[in-house]
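A short write-up of the structure that comes next.
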Amino acid sequence: MKCDIKSFLDAEKPDDYQERLKEEIGALNAKFHMLTAAVNSIGSGFPFSVKDNICVKGVEASASSRILSGYVPPFNATAIERLPKESFAFIGKTKMDEFGLGTFGINCDDHPLNPFDEKRVTGGSSAGSAAATAVIKHHVSIAESTGGSISCPASFCGVVGFTPTYGAVSRYGLIDYANSLDKIGIMSRSAGNIKYVFDLIRGEDPRDSTSVSTEISNRHSKNLIVIDQLMDGIDQRILKSFDRFLSKLQSLGYSIEHRSIPFIEKSIPTYYIISMAEASTNLAKYTGFKYGHKITDFSKGYNDFFSDARDSFGMEAKRRVVLGTFVRSAGLKGRYYEKALRLRSMFIEKLSETLSAGLIISPTMPSLAPKIKDAGSLDPIATYSMDSITIPPNLCGFPHISFPFDYIDGMPVGAQAVSGHFNDYSVIDFAGEWEEQFEYKFNYNAGAL
Ligand code: GLN
């Protein structure tokens, strides 16, 4: 499996390498806006960026929200703390949809642009992580997914994006979106780099009681399962190309099986009810007092003070606070929130059964990266529906990976492979095997040695 971390660390680098990398990143950042700010000096280790909702000591972490602007954490997230300082060099925080709320990466100021076509979105919410990976040759990004925020931008930007089993990587130091769904994961240009970093950052952490030390396995059968309902609504060009991809996999010795999962199409409302309920409680702590943007005018009454403070939230954050509060309100929670929890349990059971027979495979997204103007004019329900394929594994906490399998009209197309809990290596190895067969394209190679 390709991994350039060890060879990078061993390589003799030109004297001006760090200076040149910094300049190249600066120029690309001016063009694609993937970083919140590039760092002043880059160390000599393997370059890594960090999604802006993950804490790096002494570096502003705003989760791309105005309400958190100016918040500088005095500590590292566990995933960052576990990267050895002598081998990894921090290059900057990456832009994202505010608090992770979004699918296109456009719910923030000065959003990133897609390195394959600047008129198109990068996908979200780990938008800047995907764009940075697509333009910097030797690089990993520590990103995060709640409902598809790693797979989606990985697919739109033509990179590899891995989301581990829920609990495999500590969430300590992550600015929560929805605690029962958030996972810290990794993006890079190869599955080998991802495996290397995953082994460094995973494992139990006393500071996150949901993290576990469970052994990670690689139960890898040659059976691939296509869930037919997940194919509904996918762009015809992607479906045709996916068929060719499946034929290629068959020629590599894989068998393809088709199955259906009862009510799987209900995973979208199930996910959005649970995630909004949790988001509305998590966002309650941003009141203009303790974190980030402070309100100092105390002349107004209590209600006006809080309205002013919470006006710094973007449109999508406000929408989710209102809907999340609604679905968990005393009289209604049985109709929405509790029903969604029951459905989630059912999906975990049914999909676990299916995953004991092989990996689930599909295109990652139903379309190519949309144009920014088209994405911005979609209504919320149409936007949420874009997550139809990435939601099931995220809702159930299953490990999954997205990797490029074709290019259509110059834009990358990603496939997503899903496996059962703690069988994370099987999807990483599967993507690694594919990389031997298919060459990824990148238009930019900042930091090439
Ligand atoms: N698009 C999904 C949402 O807005 C997923 C985002 C994420 O994984 N953070 O909730």
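For the stretch 161-209, the set of residues classified as buried (at least 23 other Cβ atoms within 10 Å of the Cβ), assigned to a loop (DSSP other than H, G, I, E, B) and not aromatic (Phe, Trp, Tyr) consists of 164, 165, 168, 170, 171, 173, 175, 178, 181, 182, 189, listed by residue number. If the condition is being buried (at least 17 other Cβ atoms within 10 Å of the Cβ) and either among the hydrophobic types (A, V, I, L, M, F, W, C) or modelled with pLDDT of 90 or more (or both), then the stretch 285-309 contributes 286, 305, 309.
What single numbered condition from (1) within 16 Å of the ligand (Cβ to nearest atom); (2) within 21 Å of residue 55 (Cα to Cα); (3) touching a residue at least 40 places away in the same chain (Cβ under 8 Å) fails to hold for residue 151? Condition not satisfied by residue 151: (2). Give me the residue from the stretch 379-389 that is over 16 Å from residue 235 (Cα atoms) and within 12 Å of the ligand (Cβ to nearest atom) and, out of that set, surrounded by the fewest Cβ atoms within 10 Å (Cβ to Cβ). So the residue we want is 380. Against the condition within 16 Å of residue 141 (Cα to Cα) and part of a loop (DSSP other than H, G, I, E, B), how does residue 112 come out, does it pass? The answer is yes for residue 112.
Table: residues versus (1) near the ligand (Cβ under 9 Å from one of its atoms); (2) under 28 Å from residue 310 (Cα atoms); (3) touching a His at 6+ places or on another chain (Cβ under 9 Å).
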residue	(1), (2), (3)
84	no, no, no
89	no, no, no
92	no, yes, no
100	yes, yes, no
105	no, yes, yes
129	no, yes, no
137	no, no, no
142	no, no, no
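Considering only residues of the stretch 310-328 that are surrounded by 13 or more Cβ atoms within 10 Å (Cβ to Cβ) and outside any helix (DSSP H, G or I), which is nearest to the ligand (Cβ to nearest atom)? This residue is 314.
Out of 376, 414, 410, which single residue is surrounded by fewer than 20 Cβ atoms within 10 Å (Cβ to Cβ), assigned by TED's automatic domain parsing to the domain that holds residue 171 and in contact with a strand residue (DSSP E or B) (Cβ under 8 Å, 6 or more places away or on another chain)? Break it down into steps so the answer makes sense when it comes.
On the way: 376 fails: in contact with a strand residue (DSSP E or B) (Cβ under 8 Å, 6 or more places away or on another chain); 414 fails: surrounded by fewer than 20 Cβ atoms within 10 Å (Cβ to Cβ).
One residue alone meets the criteria, 410.
Might you check whether a residue that is within 16 Å of the ligand (Cβ to nearest atom), within 27 Å of residue 441 (Cβ to Cβ), buried (at least 23 other Cβ atoms within 10 Å of the Cβ) and in the same structural domain as residue 13 (by TED's automatic domain parsing) occurs anywhere in the stretch 31-45?
So the first thing to find is which residues in the stretch 31-45 are within 16 Å of the ligand (Cβ to nearest atom), and the list is none.
Checked the stretch 31-45: no residue is within 16 Å of the ligand (Cβ to nearest atom), within 27 Å of residue 441 (Cβ to Cβ), buried (at least 23 other Cβ atoms within 10 Å of the Cβ) and in the same structural domain as residue 13 (by TED's automatic domain parsing).
Residues that are under 17 Å from the mean Cα position of the chain (by Cα), in a helix (DSSP H, G or I) and at positive phi: does the stretch 65-88 have at least one? No, that holds for no residue.
Identify the residue in the stretch 154-178 that is within 14 Å of the ligand (Cβ to nearest atom) and of a type in the set (A, V, I, L, M, F, W, C) and, among all such residues, is farthest from residue 73 (Cα to Cα). Steps first, answer last, please.
Within the stretch 154-178, the subset within 14 Å of the ligand (Cβ to nearest atom) is 154-156, 161-164, 166, 171, 174-178.
With of a type in the set (A, V, I, L, M, F, W, C) added as a condition, the list becomes 154, 156, 162, 174-175, 178.
Values: 154: 27, 156: 31, 162: 26, 174: 11, 175: 11, 178: 20 Å.
Here the residue is 156.
The values are calculated or read from the model by the stated rules, or taken from the named source; none is laboratory data. What you see is a predicted model, and the numbers here were worked out from it, not measured in a lab. Every residue, glycine as well, gets a Cβ built from its backbone with ideal geometry; the counts of neighbours run over all protein chains shown.
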